[in-house]
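For reference, the structure I am asking about is given below.
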Amino acid sequence: MKSDLKTRHGGRILVDALVAQGVKMAFGVPGESYLPVLDGLHDVRDKLQYVICRQEGGASYMAEAYGKLTGEPGVLMVTRGPGASNGAIGVHTGLQDSTPMVVFIGQVPNEFAEREAFQEIDYRRMYGQMTKWVAQIDRAERIPEYVSRAFHTALAGRPGPVVLALPEDTLFAEAAVADVPRHHVVRPTVSSSDIQEVKKLLEKAEKPFVILGGGGWNREATLKLQKWIEAAGLPAGTSFRCQDLFDNRSPSYAGDVGIGINPKLARRVKEADVVLVIGARLGEMTTSAYTLLEAPVPRQTLIHVHAGAEELGRVYRPALAINSGYPQFVEVLEKIRIGNDGWKQTTETARKEFLEWTEPQPMPGKLQYGRVIRWLSDTLPEDTIIAGGAGNFAGWLHRHFRYKGFRTQLGSTNGSMGYGYPAAVAAKLAAPGRTVLGVCGDGDFLMNGQEIATAVQYGAAFVALVVNNGMYGTIRMHQEREYPGRVSGTELKNPDFAAYARAFGGHGETVERTEDFAPAYERAAASGKPALIELRIDPDAITPATTLSAIREKALKSGR
Ligand SMILES: Cc1ncc(C[n+]2csc(CCOP(=O)(O)OP(=O)(O)O)c2C)c(N)n1
Ligand SMILES: [Mg+2]
């Protein structure tokens, strides 16, 4: 048999394995540690586009965003020690966001192993806690087997990242070995007796609430579930940065159960008698630091549906624990009929509270950023992808933008800064027909602003906002609360962001007044280039609802 197979070097075997798994796009920064892979990529360039980035942090975020957007593992390729270190941030994001990723890292040749050779790191230890599986491939003929397992593992149950290290000798070695066909996606399903139990518990409920979240959904499942929830008259919310799992315009949508939660919604979740959680891990951000539900035994009757068996009972002991994929769960759930008028009335109230809460409030300064976000929400096409970073500027986005359907939001639930810009680049490359908007802070943007070069190189024309308040505002806010008036380590002297964008070959605009935003956006979108709009907001406007000076005064009054 083997004699029929063509002999290939390890690099070629690897890229053929990726093509066999269905990979169409990979992100990375090259290194001399994986030259045979780069050589193999040359051969398959018509089938697999290798997007070269300017920093592995940007590349790893792009791979993560690609995985989040498409549901297919995001593929990242980086070099040894330094590349692997820079690339860690997207892997951590992938873990906390349950995003399928497969990461390849160059490695020193086996003959030098364990000598702390040039750039050598043991990735099993380095990435052990950040991944579902880390391995090193020591024989070229086993590459297809390892790659197949990596794809199965990244996608199975709760999706997540996998790392494969590639010793140089494995890549240069030649072998005659067959490719492995495309992976299966293995997710458990719910039993009919468990669904009957869900029905029984919900039927008894007077104040039920549903929370959706996590990774491993698809569009059909979110639409079916939304229909079922609407028919039942149940109120529903979404977990932190998973706001696109439910059309925010639905009469059943009560808001996001995340950071800066509507206090009325927080009370609603706290006072619910039955909470049905599908896909959310119930992490610190979603539970308002484990207060909406008490750990380990919540007061509410908790029905927890999760695709990862290890998540069930990890923090909360549910009344009913269901290990199931979400599309699989919805498929069975939608066959049961429940609902009553009491729930419908509650849902109407919850919806009213959501609408009130999300109405932009006046803030200091000439640029009403909340109104800008609302304008974008009302104006952009329904399937626009919003890629946001981390910082207080994202609070306006979470509060005033109405997400209209599955995978219109890319955000980091691990709260890692620098995500929005590269995620927007990846989104535009993965879905060139869709409008993409990046939303970044001034601190946040410069963590990966160099990826404008990648956007220009690959023609990713989208608009990014940079919300400039001249500081690491989030930290300053906490500072004013804890140590009022003692500003330390949070001021920023910024570049001219519009000029920065133009220097890379992009389009740049600066906006200082609300009325100037719409025409600036139209010009930016029409430029056909990667475009950046700097929004100069009043630094006192620290959240959609309060000011820095109000926080400081309150802290001083309380004797801090
Ligand atoms: C990679 C990373 N580094 C540091 C932090 C801590 N951190 C959270 S928000 C923030 C400031 C964000 O500043 P900016 O992007 O300007 O947004 P702003 O809060 O001013 O709106 C910092 C430093 C983080 N979350 N992620
Ligand atoms: Mg800032």
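Is the chain rounded, prolate or oblate when judged by the Cα gyration tensor, a ≥ b ≥ c being the square roots of its eigenvalues, rounded requiring a/c under 1.5 and prolate requiring a/b larger than b/c?
Oblate shape, in that a/c is at least 1.5 and b/c is the bigger or equal ratio.
With a cut-off of at most 10 other beta carbons within 10 Å, and DSSP calling the residue loop, which GluC sites (Glu not before Pro) in the stretch 42-133 qualify? Please list them.
Loop-located and lightly packed - 114.
In addition: How many Å³ per residue does the convex hull of the Cα positions in the stretch 221-326 occupy?
Per-residue hull volume (Cα only) is 95 Å³.
Next question. Assuming a ≥ b ≥ c are the square roots of the Cα gyration tensor eigenvalues, decide whether the stretch 187-226 counts as rounded (a/c under 1.5), prolate (otherwise, with a/b larger than b/c) or oblate.
oblate
Counting only other residues whose beta carbon sits under 11 Å from that of residue 538, what net charge do I get with K and R as +1, D and E as -1?
It works out to a net charge of 0.
Taking K and R as +1 and D and E as -1, what net charge do the other residues with C-beta under 11 Å from the C-beta of residue 388 add up to?
Numbers: positive: 241; negative: 444.
Result for the local shell: 0.
Let me ask something additional. Which cross-chain or sequence-distant (5 or more) residues have an amide H under 5 Å from the amide H of residue 75, H modelled 1.01 Å from N in plane?
For residue 75, the qualifying residues are 27, 102.
Give me the dipole magnitude in Debye, nearest 20, for the chain about the Cα centre, with unit charges on the beta carbon: positive for Lys and Arg, negative for Asp and Glu. Each step should come with its number before you reach the end.
Numbers: 64 positive and 63 negative charges, 260 e Å.
Value, rounded to 20: 1240 debye.
Please arrange 247, 97, 341, 16 by how many other C-beta atoms lie within 10 Å of their C-beta, fewest to most. Don't skip to the answer; put the middle values down first.
Numbers: 247 20, 97 27, 341 8, 16 23.
Listing 247, 97, 341, 16 from fewest to most nearby Cβ atoms yields 341, 247, 16, 97.
Would you pull out the residues with amide H under 5 Å of residue 80's amide H, same chain only if 5 or more places away, H placed 1.01 Å from N?
Excluding prolines and chain starts, which carry no amide H, the hits are 33, 106.
Still on this structure, I have one more. Report the local net charge at residue 56: Lys and Arg +1, Asp and Glu -1, summed over other residues whose C-beta lies under 13 Å from its C-beta.
0
How would you rank 239, 488, going from fewest to most other Cβ atoms within 10 Å of each one's own Cβ?
Least to most surrounded, the residues fall as 488, 239.
Turning to a different aspect of this structure: Can you give the three extents of the C-alpha atoms in the stretch 272-403 along their principal axes, from longest to shortest, in whole Å?
51, 33, 28
Give the residue list of GluC sites (Glu not before Pro) in the stretch 257-310 that are DSSP loop and have at most 15 other beta-carbon atoms within 10 angstrom.
Within the stretch 257-310, the qualifying GluC sites (Glu not before Pro) (loop, at most 15 other Cβ atoms within 10 Å) are 284, 294.
Straight-line reach only, C-alpha to C-alpha below 29 angstrom: list the lysines that residue 200 could link to, leaving out same-chain residues fewer than 8 apart.
Filter leaves 224, 227, 264, 270, 335, 344, 352.
So for the chain, taking the charge dipole from beta-carbon charges (+1 Lys/Arg, -1 Asp/Glu), which of 236, 471, 95 sits furthest toward the positive end?
Farthest towards the positive end: 236.
Could you put 456, 103, 162 in order, starting from the residue whose Cβ has the fewest other Cβ atoms within 10 Å?
So the residues, fewest neighbours to most, are 456, 162, 103.
Here's a follow-up. Taking amide H positions as placed 1.01 Å from N in the peptide plane, with prolines and chain starts having none, which residues 5 or more places from residue 403, or on another chain, fall under 5 Å of its amide H?
It is 248, by chain and number.
Something else: Would you calculate the convex hull of the Cα atoms in the stretch 430-560 and tell me its volume per residue in Å³?
That works out to 115 Å³ per residue.
Which ³J(HN,Hα) values in Hz, rounded to whole numbers, follow from the phi angles of the stretch 306-315 under the Karplus curve 6.51 cos²θ - 1.76 cosθ + 1.60, where θ = phi - 60° and Gly and Pro get x?
With coefficients 6.51, -1.76 and 1.60, one gets 9, 6, x, 4, 5, 7, 7, x, 5, 10 Hz.
Can you list the residues of the stretch 312-356 with backbone N under 18 Å from a point 7 Å past the Cα of residue 295, pointing along Cα to Cβ?
In the stretch 312-356, the label zone of residue 295 (backbone N under 18 Å from the point 7 Å along Cα→Cβ) covers 312-319.
To continue, here is another question. What trypsin sites (Lys or Arg not before Pro) does the stretch 118-215 have in DSSP loop regions with at most 16 other beta carbons within 10 Å?
Here the sparse-neighbourhood loop sites are 139, 182, 204.
Quick one: 3J(HN,Hα) in Hz for the stretch 442-449, Karplus 6.51/-1.76/1.60 with θ = phi - 60°, rounded, Gly and Pro as x.
So the Karplus estimates, Gly and Pro as x, are 5, x, 4, 4, 6, 6, 9, x Hz.
What is the stretch 22-66 by shape, rounded, prolate or oblate, if you read a ≥ b ≥ c off the alpha carbon gyration tensor as root eigenvalues and call it rounded for a/c under 1.5, prolate for a/b larger than b/c, and oblate otherwise? All intermediate terms of the calculation are to be shown ahead of the outcome.
On the way: a/c = 2.58, a/b = 1.21, b/c = 2.13.
Here the stretch 22-66 falls in the oblate category.
Rounded to whole Å, give me the distance from the Cα center of the stretch 487-524 to that of the stretch 9-57.
After rounding, the separation between the Cα centres reads 35 Å.
Quick note: the coordinates plus some simple rules give every number you see, no bench work behind them. Values in this document were obtained by computation on a predicted structure and should not be read as measured data. Here the Cβ is made from the backbone with ideal geometry for all residues, glycine too, and neighbour counts use every protein chain on show.
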